[in-house]
Amino acid sequence: MASKGTSKLLMLFTCLSFSMYAHAQQALPPQFDQYVEKVLKTFDVPGVSISIVKDGKVVLAKGYGIKKLGGNDKVDANTLFSIASNSKAFTSTALAILVEEGKLKWDDRVIDHLPWFKMKDTYVSTNLTVKDLLVHHSGLLSYSGDLMLFPPSTFTRREILGKLQKLPLVHDFRSTYAYDNILYLAAGEVIEVLSGMKWEDFIRQRIFDKVGMPGSLSRYSEFGSRSNISAAHDLINGKLGLVNEYLEQNIGDASNAAGGILSNANDMANWMITQLDSGRTPSHGELFRPSSALQLWNVIRPIPISKVSEGLKPAKIDFFGYALGFRVYNYQKYKVIGHGGKLGGFVSQLAMVPDLKLGITVLTNQESTAAYWSIIYHLLDFYENNQKFDWLKAYEDEQVLAKARLRESQNKNLIKPDPAGKYDVSISKLAGKYHDEVYGDVLLIASGDGLLMEFQQLPHLNGNLSYFQYNSFIATLKNKSLKADSYVTFALNADGTVDQVKLKIIDPDSDLTFHDVLLKPNR
């Protein structure tokens, strides 16, 4: 028979064991799997991949749903998704490694390492620093030059950067946050010059291999060669469908430094553990030192705070800024380090709370930001011990309002035909070879009553032109998933020859814009 002292110790051990078991059981919100399945159903998302890390450990790395609409192949923790602009933090981390090696200073001028680098303004060209490449305040218009990047053009990375000097600077230097992708290509070139390695090889060997990301890819072109990959989906005319040719159309290797990485739940968990532990990897190695972690997360460029709708009021933030490849903001009383990513048919979101040693990544195969925020805020509330809030219902309501706003915007964007707007247009006079100084050559080829439009360097934008009214046509792109059908308007000279051609996207839901495309006839 046990003594009283022994019995008390046994009872204490049993209570401690039960407490530890109960804590382990509470590592995730109650019925979390069921919650995620409901999110997928509510927002019409085929599949997601979720990583959660806490206190240096992986709490969850799991896939939900299916890889491809109409199939039964389940998403798992190794299924590859495009992480898109979440790739930017890998580029900035690569630069931090080179800074630690003494090969670079953050405030080095870009031209000190890329003597050929040139922008529209001589002062900006001369004074733009490596740090400036990462924080979106160069003076470029938001998303300037993106037509050369997404969908991919035939231009090389160096050729794309050579066209920077033709892109207008619309803001004062270092004055305004205006998100761009193109300058991350320059950051990738700096990495290659200083390391002697292609950006893709540096990321794989110096980051993936050290962190423990064996399934991740730094070359988008390798995506289709892997077996365990997710397809891409989007709502096209209100109906969920596959994104056509997503393996070919989303991004080319020239733009990998801005958004070309593919990853999965297991690998993103190790990436977050490394970031949250100031560069120490899960295998107890060192990717970078704590001083670099402070640099990477330090806000350089404040970002204007958008008004939050009444239904999403708990998501209101008090500060917002861009650091080196990361966005920094608050959720309730905690600072969050995060970023989003979007390519045709994929969206992703990463959110890390350093004070809680918490990291969350959600990768999705449908363009539903409502889905990933419903999951992330649900998890943040749980780990932050916030008051419960029904994020699923809130985002469902917000989606209804967003669809109504989109329909209204689409209706406003449509131009009603004018009965008096029919002209006798000579197709043969409009046909010919045209040129845009940034985006290259375009052929307009007579075809029946209309024209074929063929971008020589941007082949994904090819389509058919049918007469609309006055001096305008409607371009119907062959790739419907781009949602880039456009009005094409010809300006004529007094003798009836073409002076210039402009394009305007019809659907405001498109990610593309032709605002800076100006075609001039080759004479």
Q) With labels modelled as points extended 7 Å from the Cα through the Cβ direction, what inter-label distance (nm, one decimal) is found for SER221 paired with LEU294? A) 4.2
Q: Would you indicate which of (i) 2.60; (ii) 1.08; (iii) 1.03 is the value of Cα Rg over 2.2 N^0.38 Å derived from the coordinates of this structure?
A: (ii)
Q) Applying 1/(1 + (r/R0)^6) with R0 = 22 Å to the Cβ-Cβ distance of ASN411 and SER306, what FRET efficiency is obtained, to the nearest 0.05? A) 0.35
Q: Round to a whole angstrom and tell me the spacing of the C-alpha centers of segment 416-444 and segment 318-380.
A: 44
**Q.** Over the chain, relative contact order from alpha-carbon pairs under 8 Å, at least 6 apart, %
**A.** 15
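Could you tell me the calculated FRET efficiency between ASN237 and LYS313, based on Cβ-Cβ distance and R0 = 30 angstrom, to the nearest 0.05? Mind showing how you got there, number by number?
Values: r = 32 Å, r/R0 = 1.08.
That gives a FRET efficiency of 0.40.
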Q) Going by how many other Cβ atoms sit within 10 Å of their own, how do LEU240, LEU380 line up, fewest first? A) LEU240, LEU380
**Q.** Separation of the LYS388 and ASN78 label points, Cα + 7 Å toward Cβ, nm
**A.** 3.8
Q | Percent breakdown of C-alpha pair distances by 5 Å bin, ordered from the shortest bin, for segment 210-249 | A | 5, 19, 23, 19, 13, 11, 6, 2, 1
(Q) As I understand it, the dipole of the chain uses +1 on the Cβ of Lys and Arg and -1 on the Cβ of Asp and Glu, about the Cα centre. Which of GLY224, LEU147, LEU379 lies farthest toward its positive end? (A) LEU379
Q: Sort the following peptides by mean Cβ neighbour count (other Cβ atoms within 10 Å, averaged over residues), highest first: 305-316, 507-518, 416-427, 102-113.
A: 507-518, 102-113, 305-316, 416-427
Q: Specify the inter-centroid distance of segment 127-181 and segment 56-99, based on alpha-carbon positions, in whole Å.
A: 26
(Q) How far apart, in nanometres, would the label points at GLN165 and LYS429 be if each is projected 7 angstrom from Cα along the Cα-to-Cβ direction? (A) 3.8
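Rank these for me by crowding, HIS284, HIS136, going from fewest to most other beta carbons within 10 Å. List each step's numbers first, then the result.
Details: HIS284 7, HIS136 20.
Ascending Cβ contact count within 10 Å gives the list HIS284, HIS136.
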Q: Kindly provide the helix-only [θ] at 222 nm of the chain, computed as the sum of -39,500 (n - 2.57) over DSSP H runs of four or more divided by all residues, to the nearest 500 deg cm²/dmol?
A: -8500 deg cm²/dmol
Q. How long is the gain from LYS41 to SER175 if the chain were fully straight, where each residue apart is worth 0.36 nm and the alpha carbon distance is subtracted?
A. 44.0 nm
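Here, each number is a calculation from the coordinates, and none is a lab measurement. Keep in mind that this is a model prediction, so the values were computed, not measured. A quick note on method: Cβ atoms are made from the backbone with ideal geometry, for glycine too, and the neighbour counts reach across all protein chains shown.
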